[in-house]
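Input: a single structure, listed below in C-alpha cells.
Any read-out appearing in this document is the output of simple, stated calculations on the displayed coordinates, not a laboratory observation. As the structure is a prediction and not an experimental result, all values here were calculated from the model. Don't worry about glycine lacking a Cβ; one is built from the backbone with ideal geometry, like all the others, and counts go over all protein chains shown.
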Amino acid sequence: MILLAAVPVAAVPATDGGATGKQADPGRDTSATAAVAVEVQPSRVKLGQPFELTVSVAGQAGTWRLPDRLDLAPGTVLDSRQQVEERQGRAFEVFRLRLAIYERLGQVSIPGFTLEAADGRGDTLEVPATQIEVVSVLAGVENPTPRDVAGPVAVLVEDYRPLAVAALALCWLLLAAALWWHRPGPPAATAPLEPLPPELGAEEIARRQIAEILKQELVKQGRYQEYFDRLSDTLREYLGNRFGFFALDLTSRELLEWLRDRPTPGLDLGLLRRLLEEADLVKFARARPDDEMCSRAVDGTLQIIAATTVNPAEGERQ
C-alpha cells in the first residue's frame, strides 16, 4: 500500500531555554510543500508478524529526522533506520520502520506522526496515517479447530541391563585373572640373620668416647675449650644414662642439685663439682689450663665412671 501526500512545511517558533523565543531563519523558504510517500509492506499480515512502514520524503538529504519518542500504537516499533535513495534523478530521504501488531485484527490504522527538522530550527513535516490488514495466525489453516488431547504414547526403550551385567562379569573375570597372574611366588630362602652385638653399657660408651678424645691429641694442639667441652659432655651423658635422666641440657649447678637429691651410689659429688667448675672456667672464662689440670680432668672422669659402674651379674659396683 502506497500513500502519497503533499504536506506544507510549518515554521514553528523554537526557544533556546531562555525567556526570549528564537524564530526560525527568515531567509529559509518555509512555504514550500514536500512530497511524502508512505508504503506498508506487506499490506496483509498475521497477528504478531513484523511488517515494514516506509516513509519517503523528496528533498535534500539530512533535512528531517524521526522524533525522539515515536508512538504508533497499536503498532509496536521493533527498529528503525534512515537512509538516502535516488529515484529518477531525485533524492529521497527514506525512513524504514519495522513494526508488529499483537492485539487487533481486521483493518488497523497506523497513526501518522511528525518528522522534525534535523537542524533543530523547529520546522516539522506531517506524515499521514495509513492502514494494514491483520488476520489471525490460524488464517489459511484447513481445520482450525483444536484437536483433542491425545492419550499417552508408549515409547519403546531398549533394555541394556543384560549387557551391563555381562560387562560387569567380564570386568570381574579380568580382575581375577590379573590377580592370579601377579600372585606372589613361594618365598625365597633367606640366609639366617646374624645375632646382634650385645648392647653397650653406659660405662663402655663413655670409655670409648674418652679414648677417641685422647686419640685426637686436642691438648697438644692447644684446643683446650674443645677438650674440656667434650669431656664434660661425656661425663654428663654417662651420668644421665647411669641414673636415668637427661643431663646435657642442665647447667652445672642444676646437675649437682639433681644428683644430690637422689640416690647415687658410688658418686663422689665433691669430685664431680671440681671437674664441672674447672671445665666451666676453660669453656666460659677462657682460662688456659696447664698439663696437670688437663690430666686431672680425664682422670677424674674415669674415676667417677669406675666408682659408679654396676656389675650386672652381682648387682654391685666394680
Under 8 Å for C-alpha pairs, at least 6 residues apart: give me the relative contact order for segment 89-185, rounded to a whole percent. 19
Considering only C-alpha atoms, what is the centroid distance from segment 117-179 to segment 86-113, in Å? 34
Where trypsin sites (Lys or Arg not before Pro) fall in DSSP loop in segment 243-288, at most 11 other Cβ within 10 Å: R286
Checked segment 202-308 against the a/c 1.5 cut and the a/b vs b/c comparison, axes a ≥ b ≥ c from its Cα gyration tensor; verdict prolate
